[in-house]
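One structure is given below, encoded as structure tokens.
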Amino acid sequence: MIADVKRMKSVSVLLACGAAGLLLAFTPIGSVTFTDITRQTGIHFKDTNSATPEKYLIETMTGGVALIDYDNDGYPDIFVVNGARIHSGQKDGEAPDKSAPDTWNRLYHNNHDGTFTDVTEKTGVRGSGYGMGAAVGDYDNDGFDDLLVTNFGSVILYHNNGNGTFTDVTQTAGLKTTGWMSSAGFFDYDNDGKLDLFIGRYLDWNFSKNIYCGSHESAGRAYCHPDNFRPIASYLFHNNGDGTFTDVSAKSKIAASPGKTLGVAFADFNNDGRIDISVANDSFPQFLFLNNGDGTFTENGVAAGVAFTDDGKTFAGMGTDAADVDNDGKPDIVTTALSNETYAYFHNNGGGTFDYDTNISRLGEITRLYGGWGMRIFDFDNDGTKDLFFANSHVMDNVQLTQPHVEYMEPLLLLKQVTPNKFADVSAHAGTVFAERWASRGAAFGDIDNDGDIDVVVVTCGGTLYVLRNDGGNANNWIALDLRGTRSNRDGIGAVVKLTSASGRVQYATATTTASYQSAQDRRIYFGIGQERSIKEIQIQWPSGTKQNLENPPIRRILQVTEGKPI
């Protein structure tokens, strides 16, 4: 009944758009659906969160996933992070048990035919510890993407050996971490051609601090609200270029701003040629770390207008993404929140300020009863406008006992940008999968079948991994760029791309693998151009400062673009 009310509200939103809005919203939807193909893929994964009567907070927060083409065959593979065995009475210093195969992290090789093969043991990435998330990037510029896994208590850096195997190089790389690691990402903050590493930490929490929260009556024990625990600073590691990293958290002033990090995204928010950091904090002011260009960052969330809602309140920031929603050349921020709040849309005005456009964009009314985790800003139907996908669930598995209007398991959400900066819920028209209810957590987005539209992989807490194939998004025309840096980092992460189609319509994108919730994305850049049949020009601003123009590139192709070389 609750879901029906939500769908009725979304229909009324569409009607409010007028005839033109209806046409734009519905014309592509009938031919674009997301299909659950998990069974056909051969992937059999179940998240081991090891829920206990103690309601340890980590039990409800695991579930990251990454798309990584680890063998350079041109098809994204799937890496999924798993929890581990824990038990009531778990002691600090007692390692979570990851010895059983059902607790291992898993890597699935893409067979190019819609199926995947489990290569976990062969590749050496089964892991250790209680897993949270993953990040992807070629930190040593050897042509093979490497993998970072975040855990409660540690991280693991896997070096890709280029022969189908990985080696744990955490210690030799100098990645010394403690506490609860959450979302992480590779980016080149000093534009020296080497990927650095941001590692978010969530809370100052351990098993001995697991206080009793909830009611002693019928509702029983519940997972504690983050307000019960102190914030903690995140890490920044500088890439030394020799396989090692230096902890510059204090030197860079990242450590001067303790938070409650669950999501992170990178973009050049003030157009100064340097990549900045947007951080989603849980029930704590959101952070915007501006890159000063001298190795330091200034946390500017309050002054920029992204720290709070428009009425000055914090919210449960979990999943986040930074992208140019309205194609005005300035990256915006969208961040999920918890039920009874609203997901946040911070529109970049330029000049260092943002507007809280949650309500005028209709994002507020659509998401009020949802709790969001994995998410992405992307063009699901290739019509040239960016849309929103959210993987949802409440954090409390017994929330119905105290809030009957809210559910623990929730449906996915697909929002279409029907007019500039205004969204409508089109989930009901995008496949039967949107009628299901999951305890969703991490979500990764990318073209797993190389057919020109973006597919989605979702992990559920204590449940299944789902592979959702985009069917019909490639009916519109498109182009994809597979960047290869030379002076810049090999992955081209941080490159800003401007596309001008034949009609003169302009779109922008930033190369990144970091977005969503504790997850890593297909690093290739995709643009939809609708029914236009040609592209006038693509301009690439590489992190090194190199500017490169592609004139009249072919459409409906994945183009490998090497920095400074013609295609």
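The values are calculated or read from the model by the stated rules, or taken from the named source; none is laboratory data. All figures in this text were calculated on a predicted structure; none of them were measured in a lab. Every residue, glycine as well, gets a Cβ built from its backbone with ideal geometry; the counts of neighbours run over all protein chains shown. Each accessible area value is taken on the protein alone, full model and side chains, heavy atoms only, with ligands, DNA and RNA left out. Shrake-Rupley method; radii C 1.70, N 1.55, O 1.52, S 1.80 Å.
If you take all other residues with their beta carbon under 11 Å from the beta carbon of Asp227, and give Lys and Arg +1 and Asp and Glu -1, the sum is +1. Computed over the stretch 500-567, relative contact order equals 26 percent, with contacts defined as Cα pairs under 8 Å that lie 6+ residues apart.
Measuring nothing but protein heavy atoms, the accessible surface of the stretch 225-274 at 1.4 Å probe radius is 46 percent carbon and sulfur.
Straight-distance candidates among the lysines for linking to Lys330, with alpha-carbon spacing under 29 Å and chain neighbours fewer than 8 residues away dropped: Lys194, Lys251, Lys253, Lys260, Lys313, Lys386, Lys416, Lys422, Lys498, Lys536, Lys547, Lys565.
Over its Cα atoms, what ratio of radius of gyration to 2.2 N^0.38 Å does the stretch 206-271 give? Display every interim value, and only then the final one.
Working: Rg = 18.3 Å, N = 66, 2.2 N^0.38 = 10.8 Å.
Here the Cα radius of gyration is 1.69 times the empirical estimate.
Where does the charge balance sit around Arg437 when Lys and Arg score +1, Asp and Glu -1, over other residues with C-beta under 11 Å from its C-beta?
Numbers: positive: none; negative: Glu407, Glu410, Glu436.
So the environment of Arg437 carries a net charge of -3.
Counting only heavy atoms of the protein chains, get the accessible area per residue of the chain (1.4 Å probe) and round it to a whole Å² value. Walk me through the intermediate numbers first.
Details: 19260 Å² over 567 residues.
On a per-residue basis, the chain sits at 34 Å².
For a quick check: with amide H placed at 1.01 Å from N, whose amide H comes under 5 Å from Asp118's, ignoring anything fewer than 5 positions away on the same chain? Amide H to amide H, under 5 Å and 5 or more residues apart or across chains, Asp118 pairs with His109. As a rough guide to protection, the peptides 240-247, 179-186 ranked by mean Cβ packing within 10 Å, highest first, stand as 179-186, 240-247.
Can you compute the charge dipole magnitude of the stretch 414-567 about its Cα centre, using +1 on each Lys and Arg Cβ and -1 on each Asp and Glu Cβ, nothing else charged? Give it in debye, rounded to the nearest 20. Don't skip to the end; give the middle numbers.
Working: 18 positive and 15 negative charges, 94 e Å.
For the stretch 414-567, the charge dipole is close to 460 debye.
Summing charges over neighbours of Thr33, with a neighbour being any other residue whose Cβ is under 13 Å away from its Cβ, gives -4 when K and R count +1 and D and E count -1.
Based on DSSP H segments of at least four residues, each scored -39500 (n - 2.57), the chain has a per-residue ellipticity at 222 nm of -2000 deg cm²/dmol. The accessible surface of the stretch 417-495, taken with every protein chain in place and a 1.4 Å probe, is 49 percent carbon and sulfur. D for the stretch 325-364, whole µm²/s, Stokes-Einstein with Kirkwood Rh over alpha-carbon pairs at 25 °C and 0.890 mPa s: what number? Diffusion coefficient, whole number: 231 µm²/s. Couplings 3J(HN,Hα) for the stretch 236-247, derived from phi with the Karplus relation 6.51 cos²θ - 1.76 cosθ + 1.60 (θ = phi - 60°), are 10, 10, 8, 7, 7, x, 10, x, 10, 10, 10, 6 Hz, where x marks Gly and Pro. If you split all Cα-Cα distances of the chain into 20 Å bins from zero, what percentages do you get per bin, shortest first? Percent of Cα pairs in each bin: 23, 61, 16, 0.
Take every Cα pair under 8 Å whose residues are at least 6 apart in sequence, average their separation, divide by the length of the stretch 78-165, and the relative contact order is 24 percent. Only the Cβ atoms of Lys and Arg (+1) and of Asp and Glu (-1) were treated as charged; on that basis the dipole of the stretch 289-379 about its Cα centre amounts to roughly 260 debye.
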